[in-house]
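The values are calculated or read from the model by the stated rules, or taken from the named source; none is laboratory data. Small disclaimer: the values here were computed from a predicted structure and weren't measured. Cβ sites come from the backbone with ideal geometry, for glycine too, and all protein chains shown count toward neighbours. Heads up: the accessible areas ignore ligands, DNA and RNA and are worked out on the full protein's heavy atoms, side chains in. Shrake-Rupley method; radii C 1.70, N 1.55, O 1.52, S 1.80 Å.
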Amino acid sequence: MTIKLEKQTINILKELKNKKTDLIVASEFANELNIDYIVLMSAINELKKNTLGDFKEEIINQILLNKEGKFYLKNGLPERQLLNILLKEDIKEITLQDFLKLSNFNKKLFYIGISYMKKNKWIAQSNASAGSKIFPIEEKYPETELEGFLMRFKTDTKVDYDKILEKEKEFFDLLNKRQLIKKEKKIQRKIYLTEKGKKISLSKIQELKQVSKLTSEMILSGSWKDCDLKPFDISKPGPLLQSGKIHPMINFINEIREIFLSMGFTEIRGPIVESAFFNFDALFQPQDHPARELHDTFYLNNPKESKLPQKSSIQAIRDTHENGGNSGSIGWGYNWDEDIAKKTLLRTHTTATTIRRLSEYYKNNEKPPIKVFSIDRVFRNEKVDKSHLAEFTQIEGIVIDENVTLCDLIGIISEFYKKMGFEKIITRPGFFPYTEPSMEISVYYDKLGEWLEMGGSGIFRPEVTYPWGIKNPTRVLAWGLGLERLAMLRFQRADIRDLYINPIKWLREESY
Ligand code: PHE
């Protein structure tokens, strides 16, 4: 039976037959033939199918310079750099202290350099009592064998360990000891011809005329009917395409955005630099509330003061804090200070943004229902660790409507998590100074078999809504959920910081 091969494969077979060695490194061979590695390997696979050739994989150890090593490759080893200083300044003798100062080297490196200068017999050291001095002792200082070995990395950034000659091993060991190199393992493919492949004469092989692409001309002329179509092997990996991509976190945020939009919500945004008024006071947080302390909140010096809303609104908030105002509450019973409310800060939650939205409702004479959400940055003076960031993102929202209840709130939040792929949520009583009742929300993460806390929610208290004219039976459902927590589950990250350090491998694999 005659063997049919593609033209490219026949050419490669011819080249392989000309080779003197049996095993040929695939990547080098592809370079030599000036073809793509993938093209070469698909030809080898075709040879393999016809039992003419094959390849095997070997692990090879490569050595390469680390950062420090690369620096010395460019600027010379410390001993050479120090010697150059001696020669340039034409120094006949100098104390070590003076030389250290002159060289501007760090102490450790300086003494390493000095010790190699002595080993190379470039300098000698006197033991005179007035302080030990060193002096150069040669006229010429040719490249040392170690330096020669280092120079190899100029042409080959990676050197195969197996290709290092026996007599060079000592220099390799030295560079290793001086911690200037690192080792890497690489899988290398070596290709070879089988006995059949070596023996077969090229005249016995016919060219396979297969078509891998149909063109419109072929279809129009009908010539496709006579074509031998190349079967598509979908089990073979194609070349990996790397292109600019959207960051996985942005995709994630867009997904959440889509869910709220699909549920009839509108997105709102608010300032990052907020007033204490909207961040705390409008939320009925007393002015001595511990969350306002510097260790939880980043206050700003510039701008120092923020503009507050109209006088009547300030008065309404003052009354609510001092005596409950018209909310039916007795308030906190202290003297409310406008200056404290004017302080500027980085918002500690996006509830400040939903309150701003609330403040417009009555002013603009709006009608319920109003459904808005925000996905935005907040800041807290937290110690950063694997589950805390000082800068993170909240998924916040409110619904202003008549006669809405806690059940509606649970419904909305469950629906959101369900759309994110979390079927089970649990709510527990919680406490926030601005909601009553308040609810904490956890989702069930089946991979861990655990409930994970996601955030807070509740119905805004009359003390929060009445100052803005929102009164029973109109109520406001509110929630603020952590985005990064959810992202950790989605991207299977154990450390929250991993989401923002942008490991390139993750970015390549994860985003689309
Ligand atoms: N603002 C709260 C937080 O940052 C969450 C929350 C929002 C709670 C709205 C109740 C209502 O933790």
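Yes or no, residue by residue, for (1) free of Cβ contacts under 8 Å to residues at least 40 places away in the same chain; (2) under 30 Å from Ile10 (Cβ atoms); (3) polar (S, T, N, Q):
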position: Met41; (1), (2), (3): no, yes, no
position: Lys56; (1), (2), (3): no, yes, no
position: Ile85; (1), (2), (3): yes, no, no
position: Thr95; (1), (2), (3): yes, no, yes
position: Asp98; (1), (2), (3): yes, no, no
position: Phe105; (1), (2), (3): yes, no, no
position: Pro142; (1), (2), (3): yes, no, no
position: Glu145; (1), (2), (3): yes, no, no
position: Lys154; (1), (2), (3): no, no, no
Which pairs do you get when a residue that is more than 20 Å from Ile3 (Cβ to Cβ), found in segment 201-217, comes within reach of a residue that is open to solvent by 80 Å² or more (accessible area, probe 1.4 Å), reach meaning Cβ atoms under 6 angstrom, with the pair 6+ apart or on two chains? Leu214/Trp224
Only unsatisfied item for Phe422, checking (1) open to solvent by 50 Å² or more (accessible area, probe 1.4 Å); (2) aromatic (Phe, Trp, Tyr); (3) not in a helix (DSSP H, G or I), is (1)
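Conditions tested, residue by residue: (1) within 27 Å of the chain's Cα centre (by Cα); (2) within 21 Å of Glu366 (Cβ to Cβ).
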| site | (1), (2) |
| --- | --- |
| Cys407 | no, no |
| Glu423 | no, no |
| Asp446 | yes, no |
| Trp479 | no, yes |
| Gly482 | yes, no |
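Can you find a residue that is open to solvent by less than 10 Å² (accessible area, probe 1.4 Å), among the aromatic types (Phe, Trp, Tyr), assigned to a loop (DSSP other than H, G, I, E, B) and within 16 Å of the ligand (Cβ to nearest atom) anywhere in segment 253-264?
Checked against the condition, which is being open to solvent by less than 10 Å² (accessible area, probe 1.4 Å), among the aromatic types (Phe, Trp, Tyr), assigned to a loop (DSSP other than H, G, I, E, B) and within 16 Å of the ligand (Cβ to nearest atom), segment 253-264 yields no hits at all.
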Every residue from segment 494-509 that is open to solvent by 70 Å² or more (accessible area, probe 1.4 Å) and of a type in the set (Asp, Glu): Glu509
Restricting segment 461-477 to residues that are within 43 Å of the chain's Cα centre (by Cα) and aliphatic (A, V, I, L, M), the one farthest from Phe422 (Cα to Cα) turns out to be Val464
Restricting attention to segment 214-233, report how many residues are exposed (fewer than 10 other Cβ atoms within 10 Å of the Cβ) and either modelled with pLDDT of 85 or more or part of a helix (DSSP H, G or I) (or both). 6
Where a residue in segment 474-493 is open to solvent by 10 Å² or more (accessible area, probe 1.4 Å) and in a strand (DSSP E or B) and its partner, wherever it lies, is within 12 Å of the ligand (Cβ to nearest atom) and of a type in the set (A, V, I, L, M), with Cβ under 7 Å and at least six apart: Arg475/Ile459; Gly482/Met454
Filter result for Gly328 (open to solvent by 30 Å² or more (accessible area, probe 1.4 Å), among the small types (Gly, Ala, Ser) and within 22 Å of Ile470 (Cβ to Cβ)): yes
Return the residue satisfying two criteria in turn: it lies in segment 441-455 and is assigned to a strand (DSSP E or B) and open to solvent by 50 Å² or more (accessible area, probe 1.4 Å), and of such residues it is nearest to Val476 (Cα to Cα). Glu453
Only one residue in Lys311, Lys342 is open to solvent by less than 80 Å² (accessible area, probe 1.4 Å), away from the ligand (no atom under 16 Å from the Cβ), modelled with pLDDT of 95 or more and of a type in the set (D, E, K, R), so which one is that? Lys342
Using the structure shown, decide if Met454 is within 16 Å of the ligand (Cβ to nearest atom), over 28 Å from the mean Cα position of the chain (by Cα), more than 20 Å from Thr266 (Cα to Cα) and among the aliphatic types (A, V, I, L, M). no
Out of segment 391-405, which residues are out of contact with any helix residue (DSSP H, G or I) (no Cβ under 6 Å at 6 or more places or on another chain), under 30 Å from Tyr500 (Cα atoms) and open to solvent by 10 Å² or more (accessible area, probe 1.4 Å)? Glu391, Gln394
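Could you list, in sequence order, all residues of segment 420-432 that are within 10 Å of the ligand (Cβ to nearest atom) and within 19 Å of Gly397 (Cβ to Cβ)?
Once the filter is applied, which keeps residues that are within 10 Å of the ligand (Cβ to nearest atom) and within 19 Å of Gly397 (Cβ to Cβ), segment 420-432 yields Gly430, Phe432.
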Keeping to segment 381-419, report how many residues are within 12 Å of the ligand (Cβ to nearest atom) and assigned to a strand (DSSP E or B). 8
Looking at segment 49-70, is at least one residue farther than 28 Å from Lys183 by Cα and open to solvent by less than 30 Å² (accessible area, probe 1.4 Å)? yes
